[in-house]
Amino acid sequence: MKSPAKDQPAINGGTPAKTIPYTKQPKFGPEELAQVQEALDQGTLFYFFGKKVTALETAFAEKHWAKHAIATSSGTASIHAALIAAGISPGDEVIVSPITDMGSIGPILWQGAVPVFADVHPTRHTTTVETVQAAITPRTRAIIAVHLWGNPADPEQLRALADERNITLIEDCAQAYGCRQNGRWAGTIGHMGAFSLNDFKHISAGDGGMVITDDDDLAVRLRLATDKGYSRAKDAAERNPVFLCNNYRMTELQGAVGLAQLEKMDSIIARRQRWCDELSRRIAGLPGLILPEPAPGAEVSWWFYMFRIDPEVSQVDADQFAAALQAEQVPVAAHYIGRCVYEYPIFLNHSAFARGSHPYEAAQYGKGLCPAAEDLLQHCLILPINEGYTQQDLEETVKAFERVSAWACQKSPQA
Ligand SMILES: *Cc1c(COP(=O)(O)O)cnc(C)c1O
């Protein structure tokens, strides 16, 4: 029987499966406005004189059952402050994922240290304890575990490995608010957990960040690292800088917005989890697709929904698969960051600085370093997720996936 035109994939002229745009939750509302008004009424926007940043730090630490939280100006600043606090120095090696934001990477280079890339798990999309272990050398001083899309990158096993070898474990939680492994919050399992409050993360202060730790000494160093090395502590023996730090301070405006956003975090995470878990259930087993795999014991926080096509089964590549889903009005993008971080010009050409030498120049970077990561980027697609997505959004998304999967896996999909 000939199928009617409406059941044709949209890329072949059918009616798109998605009939209305996805529902998105407004990010900011009266709660943020009230907080910002209070911040302005203080007559100062400086964290040390005002109350909002301190209140956010306290609430953030409590929320994560962490002893300390230190506010920063960005996720990149959080990673950098953590590396400074850990004492990372020129020539040290820091292990990191090749699939991440430059904010995980630049700070390593700023410390004069050498990024060493560990490969990723093909379906979990993060580094694992095995791939990190394979990248350890006697010069390894830190590991940055990137919990991509809110999927924990083996933090528990890595902490054991790190403690054994006297290595600092920093969890990059920029995409992992509300992520847990075996009930423990991501960010509290390593020595430090680094968060971002940029405009695109689960919660936002426009820009901003946070570092959490249970270690009192690291907390003191983190505070110095974000405040130019000046100590404002009452009992400080030395008020002037002892080691190199930066100005990564959060303003009271960001603290105010962050306080209102933190209140919304649980509901944001829960709604994303419900939607994405159901999506995974409903599209499981569709031919040509390989779904994202939560790590063992993980509660994933779904910053985005990353999946891959199976080139053994799909007759089309990731770009064509993306075009077909886009025709259904499902706004996926192929290849995520496009290529591994170590394939960026800054690594291929060792062009971090205009002149002089940097220890990373001795390292070889380029294609072939992490085959699983390169394969993943070639075949992956990203579906953006918003906590406002509805049941109708889900039903229509599932329908689009069903159609495009069938289209992609027939003998000659273009026919
Ligand atoms: C967003 C992000 C960062 C950087 O955060 P900024 O606030 O943009 O500096 C670092 N790591 C990861 C994994 C991120 O997604």
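The values are calculated or read from the model by the stated rules, or taken from the named source; none is laboratory data. Since we're looking at a predicted model, the values are computed, not measured. When we count neighbours, we look across all protein chains shown, and the Cβ atoms used for this are built from the backbone with ideal geometry, even at glycine. Keep in mind that these areas ignore ligands, DNA and RNA; they rest on the heavy atoms of the full protein, side chains included. Shrake-Rupley method; radii C 1.70, N 1.55, O 1.52, S 1.80 Å.
General remarks:
This table checks each residue for (1) open to solvent by less than 40 Å² (accessible area, probe 1.4 Å); (2) within 28 Å of GLY178 (Cα to Cα); (3) outside any helix (DSSP H, G or I).
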{"position": "SER231", "(1), (2), (3)": "yes, no, yes"}
{"position": "ASP235", "(1), (2), (3)": "no, no, yes"}
{"position": "ARG239", "(1), (2), (3)": "no, no, yes"}
{"position": "CYS245", "(1), (2), (3)": "yes, no, yes"}
{"position": "MET265", "(1), (2), (3)": "yes, yes, no"}
{"position": "ILE269", "(1), (2), (3)": "yes, yes, no"}
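- Among the residues of segment 296-315, the ones that are surrounded by fewer than 21 Cβ atoms within 10 Å (Cβ to Cβ) and either under 21 Å from GLN410 (Cβ atoms) or touching an Asp or Glu at 6+ places or on another chain (Cβ under 7 Å) (or both) come to 5 in all.
- Qualifying positions in segment 122-131 - within 16 Å of the ligand (Cβ to nearest atom) and part of a loop (DSSP other than H, G, I, E, B): ARG124, HIS125, THR126
- Within segment 372-410, tally of residues that are part of a helix (DSSP H, G or I), among the aliphatic types (A, V, I, L, M) and in contact with a Phe, Trp or Tyr (Cβ under 9 Å, 6 or more places away or on another chain): 6
- In segment 137-167, of all residues being surrounded by 24 or more Cβ atoms within 10 Å (Cβ to Cβ) and assigned to a strand (DSSP E or B), the one that is nearest to the ligand (Cβ to nearest atom) corresponds to VAL146.
- Condition check for PRO16: touching a residue at least 12 places away in the same chain (Cβ under 8 Å), loosely packed, with under 13 Cβ neighbours inside 10 Å and under 26 Å from GLN391 (Cα atoms): no
- Considering residues of segment 75-112 that are more than 15 Å from ILE143 (Cα to Cα) and crowded, with 24+ Cβ neighbours inside 10 Å only, the residue farthest from the ligand (Cβ to nearest atom): ALA77
- Tally, over segment 316-349, of residues that are open to solvent by less than 30 Å² (accessible area, probe 1.4 Å) and closer than 21 Å to GLY103 by Cβ: 5
- Residue in segment 214-226 that is open to solvent by 70 Å² or more (accessible area, probe 1.4 Å), assigned to a loop (DSSP other than H, G, I, E, B) and either more than 14 Å from the ligand (Cβ to nearest atom) or of a type in the set (S, T, N, Q) (or both) present: yes
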